[in-house]
Structure formats: structure tokens, C-alpha cells
There are 2 protein chains.
Amino acid sequence: MSPYGKRADLIVHEQEPFNAETGRAALAEGPLTATDAFYVRGHGRVPEIDPAAWRLRVDGLVERRLDLSLATLREAFREREEIATLQCAGNRRAGLMAVRDIPGEAPWGPGATGTARWTGVALADVLAAAGPLEEGAHVGFVGADVCSEVAPAETFGGSIPIDKASRPEVLLAWGMNGEPLSPVHGAPVRVVVPGYIGARSVKWLERIEVRPAPWPGYFQHVAYRLLPEDGTPGPGAGMPLGLVALNADVLSPADGDTVPAGPVEVRGYAFAGGERHVARVDVSLDGGSGWAQAELLEDLGRWAWRHWRITVDLQPGEHEILVRAWDSSAATQPEDEASLWNPKGYVNNARPSIRVRAVP
Amino acid sequence: MSPYGKRADLIVHEQEPFNAETGRAALAEGPLTATDAFYVRGHGRVPEIDPAAWRLRVDGLVERRLDLSLATLREAFREREEIATLQCAGNRRAGLMAVRDIPGEAPWGPGATGTARWTGVALADVLAAAGPLEEGAHVGFVGADVCSEVAPAETFGGSIPIDKASRPEVLLAWGMNGEPLSPVHGAPVRVVVPGYIGARSVKWLERIEVRPAPWPGYFQHVAYRLLPEDGTPGPGAGMPLGLVALNADVLSPADGDTVPAGPVEVRGYAFAGGERHVARVDVSLDGGSGWAQAELLEDLGRWAWRHWRITVDLQPGEHEILVRAWDSSAATQPEDEASLWNPKGYVNNARPSIRVRAVP
């Protein structure tokens, strides 16, 4: 058993802070990711918080500051549930590292993502109780986790535009897949921002601040920004990440597998991010000249990825299986992974491909 | 002078129905497109409507049907203004036709797009007066133009989700760039749906219908859908278009130009579509290995494209200037135009490039 109640088949990138991704086989089990298989991206030691002592402060540009216990949060506001995919901005970084190394960053494969059923209250309802002032354009979140990768150490934080914060799908969640949130996933309460990079779904939430400007802390003003290839991380350098870019990967077979020639089922996921949905997934066996459409599997709603599958007929020999997803704007993924390389290794959303060998 | 008060430098694809695009040089004049240079995509003869006799009906799934004169529309609701880019789903089709011909479709270059200042009332305010019922999930628009490319001929129409229809940026517009809407652009009143394909900005509006499902007419259920490469147009075939996909093109110099060696200014546009904005535009002189960032010019707000410029230093000889835009999800454009080919030639959003010859 891995730490934090996780299955042994997680791929652990770092023990402290704990960082681990879901293996392809576990992701392929279905569109809802089991909690004990769900990825963890942490920047500090997992805080141990006594739920009975926990308070949530809401302040900044509000008419009325709030200071709420967990009991009040659960009693005062309507409980809501959302199925939402979370995806780390570093998902599939390994593909970029194969182009050129990215020292100091974890080589995440395609498993820094997962989909769960989240239970909590709408952030919008809590904000409405506080009454955001006209000048409040962003809503910041502060966690309890202290991150020593920054000097001086700071607590994790981030913000989203108030437009998004006011939509019903953004939750202050205490439940995950029908169970109380576990410590490693942010207990007692975390934010869940569907369609946004995982870094905005701040865990171990302690404070919400309505602000005139985006979060000025390290994890939004320095990290989680897309630099040009020759850029240097620094305050305000590069474009801030937020909405997840259209992405996809193959979950089965695995890259390099040997399979029996004949019909082979290929499975994977695709995630559109933002407010978009996955409209189509295509698979090519000839390097992108001809494409066949995969079947989109169970639709878990507008905030969830789509799993897909297709049966391809493989003659004996080596094959490349190339995939591209399309979103609801009819945009598809870029081809060339190398040209997406960036110094922090974020947003690798190049078309995925695997190589397999079919044997008679 | 071209018909309909248009400048002579429009590129006319068809006289009847009138279809004409703005030339690159006219687009490059600035981020607001002059009305006499603005593209026109029509499917029928331009209706001649007496504004004094015009009525707008609002019906379908509403508590209260409306039947409004232009005077009532202007008096009863608050006037609003939006700067918004319109873009035809067939913009840049010529690039796809260079891959393989698309008979029966116009070879639009990059000028089936433009940005104007629109004046009117919010569709949301008119809908609120009618009171959409719970089952109303889409809002349909019917124009007065009769389109004989369908048999039997039908009036142009389309719909958008009620979520979008309820946002303040969707206008029923009677003004364009400070002047009354001209007949060819939909007088007396047209819809303007920022971020959506031009086909949803229905001209010569006569009727609004709140509906349980998307518009069943030809121009949404058969046309303006993205088919797979080997698909055949038909009712419900392919994915419906709606949000505009991230796109860009070069406006100056023109492809094939000869320019003096040394510093050369390159200009173009980029448009993110949907609710996204343009985050970055890159230019490469070495086929995509190295990229330099262009300067983003005047920001006309969240519904407008961005013009951009960069000065590149060209040695004497042949050069390819390659461009890619990035949106606010950190998604960039696909590379390979050929792999975007589709039977109706929609959504060519491949990275644009031009070839120029620099002479000493």
C-alpha cells in the first residue's frame, strides 16, 4: 500500500511532498477514477486539520466578512454535486522532457488527471452571502499547506475570475466519490474549479479573498505560467494558465506493447477544458493521412472528460496509432510535441501516439 | 464602386446572392473594419424591408409572446454597444481547396471576417420580457432572406444555446460602426452573437423562437457542420459548428511578395473565439524550430480579435514566415492544413504561412 490510502499501482514521483499519478491501466478502468487511484499533486506536506476546529474566512472586497465553521457551511448552504475532471497543467510533461530535459520538474505521464464526483456547496452561494463589491474581479483561495519550494516559504494559493467563481459548478467540496474528502485530497474542504487547471482547485482551503486583481502569490504569478521556449520564470513572465487546453491520450494498449494481430481495441481519454466539450476523437494508422472515428463512451456531463474506444485491425508488424481529439469549437490538437516545449513543461496537448507490435 | 456601397477592393465571390470578402490590405488598415470594406456572406437575395413596417415576433417556449415594432424595441430596452468580430465558418477555405477541390463552395481567403462596433439591445433583455419557460434550451432566429440553395427554398435561420442567449453581449443590432445597419448587413435588425460563427448572427431578423432543441433548419442541421474527411452532408451528419475555433492569418506582406532585405514589418490578426482571448502570437522564420513573439496591438475588448505585428530581419533570398496564435487556455493552432480538409471546407485554422523574397 502506498501512503495516504493509495493503491500500490500509482506512479509515485515524489514522497514528500507527495506527488503521484494514476497508471494508464487504472485510468482505463472507467470514466470515474477511484479515489484510491486518483492522482495527487502537492507542493507541501499534507496538513492535518481538525474538522471541528476548521474555520473558513471570506474577506477582501466584500460587504460582509464571513468566518464559518464546517457545520455552518454545511447547514447554511444547499449541498451540490458535480462530476468534474481535474487535470494538472504538468500532465504529459514526460513527452516534453523526451524532447529536452526539464530539470527540477516531475516527469508526469498522462495520469496527472482524473474524474470524481465532488460534493459540497457552490462557491457562488458563499460569495453571495458575503456580497462581493463592484471592484471585486477575482476570487482568491488560500490553502493551509506550506510550500518550501518558494523562499520564503508560502502557503499555496490561486485565484479565478469572479465570472467563473459565480457559476454554480465551482464547489467548496468536502466529499469525493461519496466519501468524506481524505487528507491528501484537501480535507476538510477544498475548492473544485471544473474546466480549470488543477492548481486552482486549492486544497485545505482556509481563506477566500475577493480581489481586484489575480492572485499575486508564487503559484499564480511565477509558477503555472506558460513561458516561451527561451523564457525565464519570474514574476509575471509568460501567460497565466487557467482554462485547460484540449487534450487526449491513449490508455490501452500501452506504448511498446506487443498485441495479437487482428482486431485490437484501443482506449483513451479526451478532455476539452474550459466550457467546451469533446466533439470527436479520431484515430489514424497511417501517420495522419486517413482517420477513423472512435466511439465516445459514457457522457458524465459538461465538466467531465470523455473516454473513447475504437477497434482497429492490425496486420502483423509495427504500427503507430495516432490520435486527435476535437472540441466543440471544431478545434483540434497541435501535431508537433517538440514545438510545444517550454521551460516549465506545461500544457503538452500534442496529439498522442503509441507504437505497438502485432504478432500472428 | 461594388454593389451595396462596398469598396471596389472587395473580393467578390458571387454577385447573387452577394458574397464578398475584405482584402488583406483593407483588413490591415486597423482592428476596426470599415463598413464599406466589411465582408458579406449571404445565402439569398438581400431583402428590402421597410423599417416602419418591420415587426419582430418572439414566440415558442415563452410565457408571453411579443410582437414588437422597431420603435418599441428601441424605446423599451436599454441601448447597448459591443465591439465584436464576426467570422464565417468558411474563412480561409482557399487553403483547404489547395489541398483538394471543394466544388460548389466559395474559395474564401482570410477576409471572411471583420470587427465592427455594433449598437442595439441585448437579446437577454428581450427574452426576459417574454419569459422563457423551463424547457427552453435554445433560442432560434429566423431571417427574411429566402435561400434557394435548399429545396424547397427556406428562410435563413439558426439557434444558440439559451445560456449564451442570456448573456449581455448578444445583441439585436440596428447600428454598425455608428451608422444605421445597411441592407446588405441585415437592416433593419440583425443578431450579433460574439464568439460564434457568423451564421448564427442572423441578418434581417423577423422572428425569435425559444426552443427545446437546436434549430432544425438546413443552415444548422445540414450545413455549417464539420464532417469527417470521408463524410457526406446530410441531416445531423457531422458536428454542429458554433464557437469559433482559434485562428490567425498574415495580412502584410502578401504571400509571394518581394520585399527589400533588412527589417520587414509583418502584420496580421488572431481571433480566439468563444469566450477565450488571444494570449500570444509567435512568428518563425525557420519552419517552426525557433519562434519570436509578435506584439499584440490594440485590445478592443473580449469579443474582438487582436491585430499583431513584428519586425523580422530578412537576409536576401526566399523566406517562409510561419505564424501560430495561442488562446487563453494555452492551446495553439494545428500545423497541418491537409489534415483539416473536410467536404464543406469549414474551420481551416491551421497555422498560416507566407513566402516572401527579400532582395538587396
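The values are calculated or read from the model by the stated rules, or taken from the named source; none is laboratory data. None of the values given here were measured: they were computed from a predicted structure. So basically every Cβ, Gly included, is an ideal-geometry build from the backbone, and we count neighbours across all protein chains shown. Areas reflect the complete protein model, heavy atoms only, side chains present, ligands, DNA and RNA absent. Shrake-Rupley method; radii C 1.70, N 1.55, O 1.52, S 1.80 Å.
Determine whether B:W118 is closer than 21 Å to B:I354 by Cβ, buried (at least 23 other Cβ atoms within 10 Å of the Cβ) and among the aromatic types (F, W, Y). It would help to see each step written out before you state the result.
Numbers: closer than 21 Å to B:I354 by Cβ: no; buried (at least 23 other Cβ atoms within 10 Å of the Cβ): yes; among the aromatic types (F, W, Y): yes.
It is false that B:W118 is closer than 21 Å to B:I354 by Cβ, buried (at least 23 other Cβ atoms within 10 Å of the Cβ) and among the aromatic types (F, W, Y).
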Exercise for the section: Might you check whether a residue that is buried (at least 22 other Cβ atoms within 10 Å of the Cβ), out of contact with any strand residue (DSSP E or B) (no Cβ under 6 Å at 6 or more places or on another chain) and not basic (K, R) occurs anywhere in segment A:244-253? Expected result: yes
Handout entry: Tally, over segment A:247-287, of residues that are within 21 Å of A:L340 (Cα to Cα) and touching a Leu at 6+ places or on another chain (Cβ under 6 Å)
Key = 3
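When you go through B:G175, B:G158 one by one, which is the residue that is farther than 17 Å from B:L70 by Cα, assigned to a strand (DSSP E or B) and touching a residue at least 40 places away in the same chain (Cβ under 8 Å)? Give the steps one after another, and end with the answer.
On the way: B:G175 fails: farther than 17 Å from B:L70 by Cα.
After ruling out the rest, the residue left standing is B:G158.
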Fill in the blank from the handout: Checked segment B:45-87 for anything in contact with a Pro (Cβ under 8 Å, 6 or more places away or on another chain) and assigned to a strand (DSSP E or B); matches are B:V62, B:R80, B:E82, B:A84, B:T85
Problem - Selection within segment B:53-72 - under 27 Å from the mean Cα position of the chain (by Cα) and either open to solvent by 60 Å² or more (accessible area, probe 1.4 Å) or without any contact (Cβ under 8 Å) to a residue 24 or more places away in the chain (or both) - result: B:R55, B:R57
Practice task
Considering only segment A:276-287, state which residues are crowded, with 17+ Cβ neighbours inside 10 Å, part of a loop (DSSP other than H, G, I, E, B) and out of contact with any His (no Cβ under 7 Å at 6 or more places or on another chain).
Solution key: A:R276, A:H277
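For segment B:247-267, how many residues are on the phi > 0 side of the Ramachandran plot and assigned to a strand (DSSP E or B)? Working first, answer last.
So in segment B:247-267, the residues on the phi > 0 side of the Ramachandran plot come out as B:256, B:262.
Restricting the remaining residues to those that are assigned to a strand (DSSP E or B) gives B:262.
Looking only at that region, the number is 1.
Scan A:W204, A:W174 and give me the residue that is touching a Lys or Arg at 6+ places or on another chain (Cβ under 8 Å) and closer than 19 Å to A:A122 by Cβ. Spell out the reasoning first.
Numbers: A:W204 fails: closer than 19 Å to A:A122 by Cβ.
Within the list A:W204, A:W174, the selection yields A:W174.
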Exercise for the section: For segment A:288-311, state whether one or more residues are open to solvent by less than 10 Å² (accessible area, probe 1.4 Å), in contact (Cβ under 8 Å) with a residue 12 or more places away in the chain and β-branched (V, I, T). Expected result: no
Handout entry: Failed criterion for B:W326 (all others in (1) open to solvent by less than 20 Å² (accessible area, probe 1.4 Å); (2) among the hydrophobic types (A, V, I, L, M, F, W, C); (3) over 23 Å from A:S329 (Cβ atoms) hold)
Key = (3)
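Of B:G95, B:G143, B:G90, which residue is on the phi < 0 side of the Ramachandran plot, of a type outside the set (D, E) and assigned to a strand (DSSP E or B)? Steps first, answer last, please.
Working: B:G95 fails: assigned to a strand (DSSP E or B); B:G90 fails: assigned to a strand (DSSP E or B).
Testing whether each residue is on the phi < 0 side of the Ramachandran plot, of a type outside the set (D, E) and assigned to a strand (DSSP E or B) leaves just B:G143.
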Practice task
Quick one: A:P103 ticks every box in (1) assigned to a strand (DSSP E or B); (2) surrounded by fewer than 18 Cβ atoms within 10 Å (Cβ to Cβ) except a single one, so which number is it?
Solution key: (1)
Practice task
Could you tell me whether segment B:301-315 includes any residue that is within 14 Å of chain A (Cβ to nearest Cβ) and over 19 Å from B:I197 (Cα atoms)?
Solution key: yes
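Just to be sure, is A:V202 outside any loop (DSSP other than H, G, I, E, B) and surrounded by 20 or more Cβ atoms within 10 Å (Cβ to Cβ)?
On the way: outside any loop (DSSP other than H, G, I, E, B): no; surrounded by 20 or more Cβ atoms within 10 Å (Cβ to Cβ): yes.
Answer is no for this residue.
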Exercise for the section: Out of A:V58, A:V40, report the one residue that is farther than 24 Å from A:G301 by Cβ and either modelled with pLDDT of 95 or more or aliphatic (A, V, I, L, M) (or both). Expected result: A:V58
Practice task
Go through segment A:276-293 and give me each residue that's out of contact with any Ser or Thr (no Cβ under 8 Å at 6 or more places or on another chain) and within 7 Å of chain B (Cβ to nearest Cβ).
Solution key: A:R280, A:Q293
Exercise for the section: Inspect all residues belonging to segment A:334-355 and state whether any of them is of a type in the set (V, I, T), open to solvent by 10 Å² or more (accessible area, probe 1.4 Å), part of a loop (DSSP other than H, G, I, E, B) and closer than 24 Å to A:G114 by Cα. Expected result: yes
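If you go through segment A:263-275 one residue at a time, do you hit one that is over 20 Å from A:A28 (Cβ atoms), more than 9 Å from chain B (Cβ to nearest Cβ) and either open to solvent by 20 Å² or more (accessible area, probe 1.4 Å) or of a type outside the set (S, T, Y) (or both)? Before the answer, list the steps.
Filtering segment A:263-275 for residues over 20 Å from A:A28 (Cβ atoms) gives A:273-275.
Those still in the list that are more than 9 Å from chain B (Cβ to nearest Cβ) too: none.
No: zero hits.
Filter segment B:231-244 for residues that are assigned to a loop (DSSP other than H, G, I, E, B), in contact with a Gly (Cβ under 8 Å, 6 or more places away or on another chain) and more than 15 Å from B:W341 (Cα to Cα); which is nearest to the other protein chains (Cβ to nearest Cβ)?
Within segment B:231-244, the subset assigned to a loop (DSSP other than H, G, I, E, B) is B:231-238, B:241-242, B:244.
Okay, now just the ones that are also in contact with a Gly (Cβ under 8 Å, 6 or more places away or on another chain), so B:231, B:237-238, B:244.
Cutting the leftovers down to more than 15 Å from B:W341 (Cα to Cα) gives us B:237, B:244.
Working: B:A237: 12, B:V244: 6 Å.
Result: B:V244.
Kindly indicate whether any position in segment B:213-228 is surrounded by fewer than 15 Cβ atoms within 10 Å (Cβ to Cβ) and either in contact (Cβ under 8 Å) with a residue 40 or more places away in the chain or closer than 27 Å to B:G175 by Cα (or both). Break it down into steps so the answer makes sense when it comes.
Within segment B:213-228, the subset surrounded by fewer than 15 Cβ atoms within 10 Å (Cβ to Cβ) is B:213, B:216.
If we keep only those that are either in contact (Cβ under 8 Å) with a residue 40 or more places away in the chain or closer than 27 Å to B:G175 by Cα (or both) as well, we get B:213.
Within segment B:213-228 (the criterion being surrounded by fewer than 15 Cβ atoms within 10 Å (Cβ to Cβ) and either in contact (Cβ under 8 Å) with a residue 40 or more places away in the chain or closer than 27 Å to B:G175 by Cα (or both)), the answer is yes, since at least one residue qualifies.
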